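Undergrad: Would you mind keeping the following structure in view while I ask a few things?
The values are calculated or read from the model by the stated rules, or taken from the named source; none is laboratory data. Remember, it's a predicted structure, so these values are computed and weren't measured experimentally. Cβ sites come from the backbone with ideal geometry, for glycine too, and all protein chains shown count toward neighbours. In case anyone asks, the SASA skips ligands and DNA or RNA and just uses the protein heavy atoms, side chains included. Shrake-Rupley method; radii C 1.70, N 1.55, O 1.52, S 1.80 Å.
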Amino acid sequence: MKLKLRRVSKTFTGPKTAFAAVDQIDLDVYDGEFLVILGPGLCGKTVLLDMIAGLEEPTKGEICLDGRELHGPDRAIGMVFQKKALLPWKTVMQNVEFGPRMAGVPKGERRKTAQKFIDLVGLTGFEKSYPHQISGGMKQRVGIARAYANNPEILILDEPFGALDAQTRYSMQDEILRIWKAEKKTILFVTNNIEEALYLGDRIVLLSKCPAMVKEIYEIGLPRPRDMVSEGFLKLRERISDNMDLSV
Ligand SMILES: Nc1ncnc2c1ncn2[C@@H]1O[C@H](COP(=O)(O)OP(=O)(O)OP(=O)(O)O)[C@@H](O)[C@H]1O
Ligand SMILES: [Mg+2]
């Protein structure tokens, strides 16, 4: 077991009110798996990921990586954010080598690492471009390369393709599968899109609407590349869709 969540809850308390965003989540993530967390909008997905990434402290419960309890940000966990998080004044290369640079990795070595991941995400030739000069899909590729350059054990992606047009989104789904197979790192991928979840995941953890609770866990046995109109795919799609809280 790579990552273990036990009764993880988050309540935001104001002067007079308390708001439960995540409620008693138990989750086991296996080493090397592609786990998708699927939940409706504003159900508490980002709050959950922020706790795993150490950006928010759980109100209750514990999060363990390889048996060690996590408190605060950890280099073993890499994050690709939902909102664009590239440094706009830095080039593609400088964005990707930022983490290793902060960690004190010497220039030659960090350049080599950054170049490896720039190549891996298909951005060879764009090292000197600035974020405003590249497309949305390319920006997400930079975000992925940047996360990998820190050599994390688990990669968390928070609705990374939500802002992309449909065609780019499909090609990025294939890209992330290709990168996952090449790098063999555990991936935790969040989405609100059932087809995306079914196309990508080894397993899908379905969350309820706010507060986020685990509603059901689906084991997706379908072979890859997955055929989105195959009988097995459509059947699972219907089962999950019947079970998902889409009402506001
Ligand atoms: N720092 C905070 N203080 C108070 N409430 C918060 C805070 N962060 C998030 N929330 C609330 O928690 C709920 C869940 O938010 P969250 O961003 O996790 O949703 P989400 O599932 O990621 O939504 P989306 O699909 O739109 O990204 C929302 O109602 C949000 O307003
Ligand atoms: Mg979110």
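Undergrad: Given (1) outside any helix (DSSP H, G or I); (2) touching a helix residue (DSSP H, G or I) at 6+ places or on another chain (Cβ under 6 Å); (3) open to solvent by less than 70 Å² (accessible area, probe 1.4 Å), identify the lone condition not met by Pro88.
TA: Of everything listed in (1) outside any helix (DSSP H, G or I); (2) touching a helix residue (DSSP H, G or I) at 6+ places or on another chain (Cβ under 6 Å); (3) open to solvent by less than 70 Å² (accessible area, probe 1.4 Å), Pro88 misses just condition (3).
Undergrad: Of all residues in segment 54-73, which are surrounded by fewer than 11 Cβ atoms within 10 Å (Cβ to Cβ), small (Gly, Ala, Ser) and within 16 Å of Pro152 (Cα to Cα)?
TA: If the condition is that a residue be surrounded by fewer than 11 Cβ atoms within 10 Å (Cβ to Cβ), small (Gly, Ala, Ser) and within 16 Å of Pro152 (Cα to Cα), then Gly72 is the only one that fits.
Undergrad: Limited to segment 225-248, what total is found for residues that are under 23 Å from the mean Cα position of the chain (by Cα), under 21 Å from Lys215 (Cβ atoms) and of a type in the set (D, E, K, R)?
TA: Looking only at that region, the number is 2.
Undergrad: Run down Ala163, Ala182 and say which single residue is open to solvent by 10 Å² or more (accessible area, probe 1.4 Å), farther than 21 Å from Arg237 by Cβ, small (Gly, Ala, Ser) and within 13 Å of ligand 1 (Cβ to nearest atom).
TA: Ala163
Undergrad: Residue pairs, Cβ under 6 Å, 6 or more apart or interchain, first in segment 164-175 and under 11 Å from Arg141 (Cβ atoms), second not in a helix (DSSP H, G or I). List them.
TA: Taking only residues 6 or more apart or on different chains, the pairs are Met172/Phe161.
Undergrad: I've got another one for you. Only one of (1) surrounded by 13 or more Cβ atoms within 10 Å (Cβ to Cβ); (2) in contact with a Gly (Cβ under 8 Å, 6 or more places away or on another chain); (3) over 15 Å from Ala149 (Cα atoms) is not met by Ile77, so which one is it?
TA: Going through (1) surrounded by 13 or more Cβ atoms within 10 Å (Cβ to Cβ); (2) in contact with a Gly (Cβ under 8 Å, 6 or more places away or on another chain); (3) over 15 Å from Ala149 (Cα atoms) one by one, Ile77 breaks only (3).
Undergrad: Further question on the same structure: Which residues, taken from segment 91-105, are in a loop (DSSP other than H, G, I, E, B) and open to solvent by 30 Å² or more (accessible area, probe 1.4 Å)?
TA: Within segment 91-105, Ala103, Gly104, Val105 qualify.
Undergrad: Restricting attention to segment 1-53, report how many residues are among the hydrophobic types (A, V, I, L, M, F, W, C) and surrounded by fewer than 16 Cβ atoms within 10 Å (Cβ to Cβ).
TA: Selection size over segment 1-53: 5.
Undergrad: Here's another thing I want to ask about it. When you go through (1) out of contact with any Phe, Trp or Tyr (no Cβ under 6 Å at 6 or more places or on another chain); (2) within 16 Å of ligand 2 (Cβ to nearest atom) one by one for Val36, which number turns out not to apply?
TA: Unmet for Val36, out of (1) out of contact with any Phe, Trp or Tyr (no Cβ under 6 Å at 6 or more places or on another chain); (2) within 16 Å of ligand 2 (Cβ to nearest atom): (1).
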